[in-house]
Amino acid sequence: MPDLKKQQTSKFIPMAFDIDMIKKVYSRMTNHVDKAREVVGKPLTLSEKILYTHLWDEISTKPFTRGEDYVDFAPDRVACQDATAQMALLQFMQAGKPRVAVPTTVHCDHLIQAKNGATSDLQNALNTSNEVFNFLESVSNKYGIGFWKPGAGIIHQVVLENYAFPGGMMIGTDSHTVNAGGLGMIAIGVGGADAVDVMAGMPWELKFPKLIGIRLTGKLSGWTAPKDVILKVAEILTVKGGTGAVVEYFGPGAQGISCTGKGTICNMGAEIGATTSTFGYDDSMERYLRATDRSDVADAANDVKTYLTGDKEVYENPELYFDQVIDINLSDLGPALNGPFTPDLSTSVGSDMSEKAKSNDWPLKVEWGLIGSCTNSSYEDLSRASSVAQQALDKGISMKSDLGINPGSEQVRYTAERDGIIDIFQKLDAKIFTNACGPCIGQWARYEDAKNAPKNSIVHSFNRNFAKRADGNPNTHAFVASPEITAAIAISGRLDFNPLTDSLINDKGERVMLDEPTGWELPPKGFEVDDNGYLAPVDDGSRISVDVNPNSERLELLTPFEPIGDDISEAKLLIKAFGKCTTDHISMAGPWLRYRGHLDNISNNCLIGAVNAFNKKTNFVKNQLTGEYGAVPETARAYKANDIKSIVVGDHNYGEGSSREHAAMEPRHLGVAAVIVKSFARIHETNLKKQGMLGLTFNNENDYNLIQEDDTVNFLDLSDFAPGKPLSIEFVHLDGSRDVILTNHTYNQSQIDWYKEGSALNLIKKQN
């Protein structure tokens with residue numbers, strides 16, 4: 001490890017944001033939890049304590065049924081990243097409110113492309129996205145929203161450092177908002193329309209979640225890291241096993257994991273479809289709060305400490321209180337790699353990977369190792385990875401792969417640079433990228449022609465590894481690992497390298513072994529930062545004007561959606577999607593991020609990644625008006641121009657992945673009336689509802705096979721749309737034959753009202 005340099009005097013003195021709000025939450029928590037315990041009639045999990053504390057109607061008079069009851073909540077705060085904030089704020093501007101009703105922040109972390117390194121990449125982002133950044137800053141200033149400048153850091157790391165607090169409830173316009181569970185929150189990723197509800201002072205609706213308890217015993221050691229815990233959980237539950245549930249970690253093993261390690265575990269809960277994940281308040285959280293200059297929050301939390309974790313009886317007999325219980329012994333856990341192309345395909349490092357890679361023709365040579373992202377960019381992560389990197393220098397081992405580093409925040413970067421950590425990576429010719437998402441969300445300018453780039457393997461500490469996710473190359477096989485394992489594999493250049501057993505040849509021809517990683521949970525000399533990148537809003541933003549150039553390619557003021565109505569007839573099948581169809585397939589990220597504030601322009605990427613079930617091609621569907629094949633958006637626009645509604649059909653877990661509401665808004669904008677699938681990912685289903693569309697599931701999933709390429713679609717009983725009542729849909733085939741298919745839905749009366757008004761936002765405006 002590097003020698004710590006003499007600590008410099010910081011020009012920025014951190015402080016606890018919203019301390020009065022936090023104390024208010026704690027002041028009502030004891031009474032709310034005690035009343036909830038009486039109503040439920042049994043001890044409570046941590047998740048239940050937080051949920052019952054944040055009811056819109058404050059104190060519950062009845063217990064809620066998990067997985068069935070829709071409940072109105074009052075979250076404490078909202079966080080938005082720049083790509084999704086554009087659409088969220090464009091919607092909020094239409095809500096008729098002078099100021100946000102709850103503390104809200106905007107973080108500029110997605111629109112910064114990784115290419116040459118931090119300095120030039122950040123300047124390029126400022127040059128190319130200045131219009132968007134200025135828009136976000138001015139809207140934030142006008143409506144009382146805290147603004148974090150480009151380069152300030154990745155939203156979830158910044159939130160953990162500044163805003164997250166034990167027992168709180170927040171929502172964010174990014175699926176990895178769940179990262180804040182590392183500080184004992186219920187933090188949930190949502191679409192922008194949900195965020196608008198909360199910012200506008202409206203209740204936020206959520207189906208009361210089921211509860212999955214994960215009991216951790218033993219202790220992490222050696223090469224095993226918190227990342228390996230969630231990689232194991234993903235293997236067990238798969239990408240949809242957590243759907244509709246909160247995952248609550250507990251047990252003696254949980255106590256030994258750092259706060260940022262807990263954040264890593266919660267972060268990738270998004271990859272199992274979980275509503276969120278959380279841990280009970282403990283000493284590691286208190287240490288982190290005090291290290292990030294929030295001793296006032298820690299003191300307040302200590303006053304209600306027993307209310308910030310599950311009741312003792314729950315953890316002693318979890319099977320009585322959780323819907324599912326999973327046991328993991330950390331002492332038996334080893335390092336793993338998950339992937340490629342899905343985050344739940346887990347393989348132990350070493351020989352298991354050798355066998356699996358050879359049988360599946362995965363490239364064993366690793367071209368890049370990438371460390372960072374919102375999942376693993378803490379000071380602890382960088383320090384432990386740097387201890388592995390230092391060994392390459394000390395033992396004379398030449399790097400076999402390129403190495404890239406994305407620090408989580410300016411505070412982390414500044415402190416890591418002060419302590420010599422960044423210098424270690426630089427001595428290995430690593431590229432230090434901006435404190436931003438970069439390759440994690442497709443913002444990696446790795447190739448001139450990504451579509452025709454070669455087959456290769458990369459290893460990263462990120463959370464998501466769908467095809468084309470990092471660099472746009474469909475042939476990049478991305479594997480998810482801990483920062484420590486990523487560093488070791490980058491040094492070796494081999495996907496099947498096992499640092500526990502395998503030696504390396506150094507520059508002198510000697511066989512050497514890598515020692516176990518070491519590091520610091522928190523910086524020994526404390527955190528330090530010169531400029532953290534935060535801009536506070538003015539007290540009165542009424543005089544601030546927010547202008548959008550009508551000729552802009554990046555930003556477009558919204559026009560309210562018209563209600564679809566109760567007569568959907570003679571609609572056309574737009575696409576029958578085959579297999580995995582994530583939000584990346586429905587609305588790609590990467591270069592399309594530049595259009596996230598312009599609905600019409602970004603709609604040109606609508607479903608272009610989805611595989612057409614009839615020809616197994618992407619972005620190549622039949623236009624029933626012409627009989628010709630063409631791009632999905634163009635075909636949808638042709639139907640819309642002729643006043644013809646269209647229908648999308650999908651497979652299981654449709655809309656898995658990001659919270660991006662563009663995956664719902666784009667089809668809506670292009671005239672899609674309904675999406676009919678075998679099953680939905682939670683956030684996407686909600687987003688469809690919010691935008692006034694029909695999100696339906698097959699009553700018999702085998703009916704998916706009945707749908708043909710030239711189908712015309714008629715809804716037979718939409719005029720009777722009601723909670724719990726299935727809808728019958730007639731599919732008329734080209735030969736004149738017909739199939740009537742029964743579909744189910746989860747709409748309650750409030751959500752049906754959204755549909756009837758054209759969108760949830762339309763209803764908010766009407767109520768104002």
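No lab work stands behind these numbers, since they all come straight from the coordinates. Bear in mind the structure is a predicted one, so any value in this text is a computation, not a measurement. Here Cβ is always computed from backbone atoms with ideal geometry, including for glycine, and neighbour counts include all displayed protein chains.
Straight Cα distances below 22 angstrom link K210 to the lysines K35, K42, K49, K62, K232, K240, K262, K312, K678, K689, with same-chain residues fewer than 8 positions distant left out. With both labels modelled 7 Å from their Cα along Cα-to-Cβ, the N130 to Y447 distance reads 3.3 nm. Amide H to amide H distances under 5 Å link D174 with V190, where only residues 5 or more positions off or on other chains count and H is placed in the peptide plane.
In the chain, the DSSP beta bridges split such that about 35 percent are antiparallel, to the nearest 5. Mean separation of Cα pairs under 8 Å and 6 or more residues apart, divided by the residue count, gives region 336-512 a relative contact order of 34 percent.
Distance between the 7 Å Cα→Cβ label points at R37 and N744: 3.6 nm.
The residues M93, M199, when put in order of fewest to most other Cβ atoms within 10 Å, stand as M93, M199. When the listed pairs K468/K617; K576/K617; K97/K766; K365/K427 are checked against a 19 Å cut-off, the alpha-carbon distance exceeds it for K365/K427. Please state the shape class of region 149-196: rounded when a/c is under 1.5, otherwise prolate if a/b exceeds b/c and oblate if not, all from the C-alpha gyration tensor. In terms of gyration-tensor shape, oblate.
Bridges between two residues of region 571-767, per DSSP, are antiparallel at a rate of about 60%. For D423 and E313, what does the FRET efficiency come to when R0 = 56 Å and r is the distance between their Cβ atoms, rounded to the nearest 0.05? So, using R0 = 56 Å, E works out to roughly 0.65. A Förster distance of 30 Å, applied to the separation of the beta-carbon atoms of K356 and D394, puts the FRET efficiency at 0.40. Taken along its three principal axes, the alpha carbon spread of region 336-512 comes to 44, 38, 29 Å, from the longest extent down to the shortest. In this structure the amide hydrogen of Y70, modeled in the peptide plane, comes within under 5 Å of the amide hydrogens of F208, none closer than 5 places in sequence on its chain. Is the shape of region 571-767 rounded, prolate or oblate, going by the alpha carbon gyration tensor and its root eigenvalues a ≥ b ≥ c, with a/c under 1.5 for rounded and a/b larger than b/c for prolate? Cα axes put region 571-767 in the rounded bin. The tail of the calculated P(r) for the chain, taken as Cα-Cα distances beyond 43 Å, holds 24 percent of the pairs. Computed extension length for S120-N475: 125.0 nm, one decimal, from 0.36 nm per residue of separation with the Cα-Cα distance subtracted. Once C-alpha pairs closer than 8 Å and six or more residues apart are averaged by separation and normalised to the residue number of the chain, the relative contact order reads 14 percent. By other beta-carbon atoms within 10 Å, ranking V459, V39 with the fewest at the front produces V39, V459. In loop segments of region 32-141 as defined by DSSP, the chymotrypsin sites (Phe, Trp or Tyr not before Pro) with at most 14 further C-beta atoms inside 10 Å of their C-beta are W56. By the beta-carbon count within 10 Å of each Cβ, the least crowded to most crowded order of M185, M21, fewest first, is M21, M185.
The angle separating the long axis of helix 82-92 from the principal Cα axis of greatest extent in the chain is about 40 degrees. Only lysines eight or more places from K149 in sequence, or on another chain, were considered; those with a Cα closer than 20 Å are K11, K115.
Kindly state, to the nearest 0.05, the FRET efficiency for N506 paired with T306, given R0 = 41 Å and r defined as their beta-carbon distance. Plugging the Cβ-Cβ distance into 1/(1 + (r/R0)^6) gives 0.15.
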